[in-house]
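Engineer: One structure, pasted below without further comment.
Here, each number is a calculation from the coordinates, and none is a lab measurement. This structure is a prediction, so every number in the text was calculated from the model and none was measured. Please note: Cβ atoms are built from the backbone with ideal geometry, for glycine as well, and neighbour counts cover all protein chains shown.
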Amino acid sequence: MKAGLLNPENLLFAREHVTKVNEVAPKKHQELNALHEAYAEIHRAHPFQSPPDFAASLRELLNRVEFRSSVEMD
């Protein structure tokens with residue numbers, strides 16, 4: 001209220017400040033949208049990487065003597 005953002009009689013934002021937000025919001029939205037697009041383009045430019053073969057890694061783990069003895073498979 002001290003800054004004049006709220007109307008003490010009505011506890012709503014003072015009209016002159018709402019108008020300022022309405023004037024600024026479209027430009028800020030465009031700026032943020034441009035940043036979002038630039039960020040997305042960085043990721044689109046990256047190549048796909050081959051994923052690891054999890055099944056082979058799991059088979060290797062299950063076949064280890066240490067694992068088999070710890071779960072009493074042998």
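Engineer: What is the order of 67, 54, 48, fewest Cβ neighbours within 10 Å to most? Please report the intermediate quantities before stating the final value.
Structural biologist: On the way: 67 12, 54 8, 48 5.
Exposure proxy ranking, most exposed first: 48, 54, 67.
Engineer: With Rg and the Kirkwood Rh both taken from Cα atoms, where does Rg over Rh land for the stretch 15-70? Don't skip to the answer; put the middle values down first.
Structural biologist: Numbers: Rg = 26.0 Å, Rh = 16.5 Å.
Ratio of gyration radius to Kirkwood radius for the stretch 15-70: 1.58.
Engineer: How large is ³J(HN,Hα) for each residue in the stretch 24-33, as worked out from phi by the Karplus curve 6.51 cos²θ - 1.76 cosθ + 1.60 (θ = phi - 60°), to whole Hz, x for Gly and Pro?
Structural biologist: With the stated coefficients, the stretch 24-33 comes to 8, 4, x, 5, 5, 4, 4, 5, 5, 5 Hz.
Engineer: With θ set to phi - 60° and the Karplus curve 6.51 cos²θ - 1.76 cosθ + 1.60, what are the ³J(HN,Hα) couplings of the stretch 42-47 in order, to the nearest whole Hz, using x for Gly and Pro?
Structural biologist: Using θ = phi - 60°, the values come out as 4, 6, 5, 6, 6, x Hz.
Engineer: I would also like to ask the following. Going by how many other Cβ atoms sit within 10 Å of their own, how do 59, 68 line up, fewest first? Could you put the intermediate results ahead of the total?
Structural biologist: Working: 59 10, 68 13.
By the 10 Å Cβ count, ascending, the order reads 59, 68.
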